[in-house]
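A.B. asks: Supplied in structure tokens, the structure appears directly below.
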Amino acid sequence: MKTALITGATSGIGEACAHLFAQQGYRLILVARRQPLLEKVAGHLADKYGVEISTLIADVRNKKAITEVLEGLPEDWKKIDVLVNNAGLSRGLDPIDKGNTDDWDAMVDTNIKGLLYVTKVVSGWMVAEKKGHIVNIGSIAGKEVYPNGNVYCATKHAVDALNKGMRIDLLPYGIKVTAINPGMVETEFSLVRFNGDEEKARKVYDGLEPLFAADIADAIWYVVSRPAHVNINEMLIMPTAQASATLVQRN
Ligand code: NDP
Ligand code: 8X3
């Protein structure tokens, strides 16, 4: 039986990914902060697919808490085949001189430091087993910088660099490392970016067909299901209606 650990599994890409991995018979470790929602997702998947699921309620920004919950897993749950570093967010869309420093902290602490805290523990287990696959959810924002995207783009450029660094460091152990870099995906992402402003969030996807979380889960499954000797280093996935970070075709 294979085991996948997915961070940010209460909504969007992480939830869709949990669904697809459960469908494929994986045992799951799901991480997020919203306890009732995470338990609802886990309960639904356990009922539907009959797989074992462990839920870890934790904030990946909290080094001590996330390290302790991971280290507290039973030994046989520490043999992780796939880690999906997905938990992340964008907060605000402001020029650099007007940015909110709390928003900057949230993005840097979650998208970079949180990803690192989880990776430190789980990659240690993978090194001991000499196998595993780490899938980092980056973004088109890790490949391009767009107006007012400053800090979010910087965090996703960091994920791009870490994805490459992890692959180099983990090469001797046969551990695969892949970045999945999506363009616009309709999830809770824009609602979080605009602090719950539904009108602003809806406008992001007005007049075009964005990607959906299931499209990204599908790509993650593709990279994870390649033969043992094949690693997909990175994948950049856009809606057909999007050509670059800033160029979209609206009806
Ligand atoms: P959602 O807002 O729908 O999901 C984000 C998930 O991350 C939630 O499950 C949330 O759970 C979790 N999360 C956020 N902060 C923390 C934290 N501090 N600790 C633990 N979990 C956390 O957004 P998406 O599904 O769209 O985003 C997933 C990833 O995809 C992110 O890294 C994002 O940057 C990236 N991405 C998104 C794109 C898009 O257009 N949507 C495009 C490119 C990349 P909870 O609140 O319960 O903790
Ligand atoms: C999310 C996509 O274009 O808003 O990473 O940065 S974008």
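A.B. asks: So if I check each of E186, E198, E209, which one is closer than 21 Å to L20 by Cβ and over 20 Å from the mean Cα position of the chain (by Cα)?
C.D. replies: E209
A.B. asks: Which numbered condition trips up I180, out of (1) in contact (Cβ under 8 Å) with a residue 12 or more places away in the chain; (2) not in a strand (DSSP E or B)?
C.D. replies: (2)
A.B. asks: Across the stretch 144-160, what is the total count of residues that are farther than 16 Å from G114 by Cα, touching a helix residue (DSSP H, G or I) at 6+ places or on another chain (Cβ under 7 Å) and either more than 10 Å from ligand 2 (Cβ to nearest atom) or in a helix (DSSP H, G or I) (or both)?
C.D. replies: 2
A.B. asks: Restricting the stretch 52-71 to residues that are within 12 Å of ligand 1 (Cβ to nearest atom) and of a type in the set (K, R), which is surrounded by the fewest Cβ atoms within 10 Å (Cβ to Cβ)?
C.D. replies: K63
A.B. asks: Against the definition (closer than 20 Å to K98 by Cα and either away from ligand 2 (no atom under 15 Å from the Cβ) or in contact (Cβ under 8 Å) with a residue 60 or more places away in the chain (or both)), how does N163 come out, yes or no?
C.D. replies: Judged against the criteria, N163 is not a match.
A.B. asks: Within the stretch 127-143, track down each residue that is away from ligand 1 (no atom under 16 Å from the Cβ), touching a Leu at 6+ places or on another chain (Cβ under 8 Å) and either free of Cβ contacts under 8 Å to residues at least 60 places away in the same chain or part of a loop (DSSP other than H, G, I, E, B) (or both).
C.D. replies: V127, G132
Values quoted throughout were computed directly from the atomic coordinates according to the rules given, and no laboratory measurement underlies them. In this text the structure is predicted, and so the values were computed from the model without any measurement. Cβ sites come from the backbone with ideal geometry, for glycine too, and all protein chains shown count toward neighbours.
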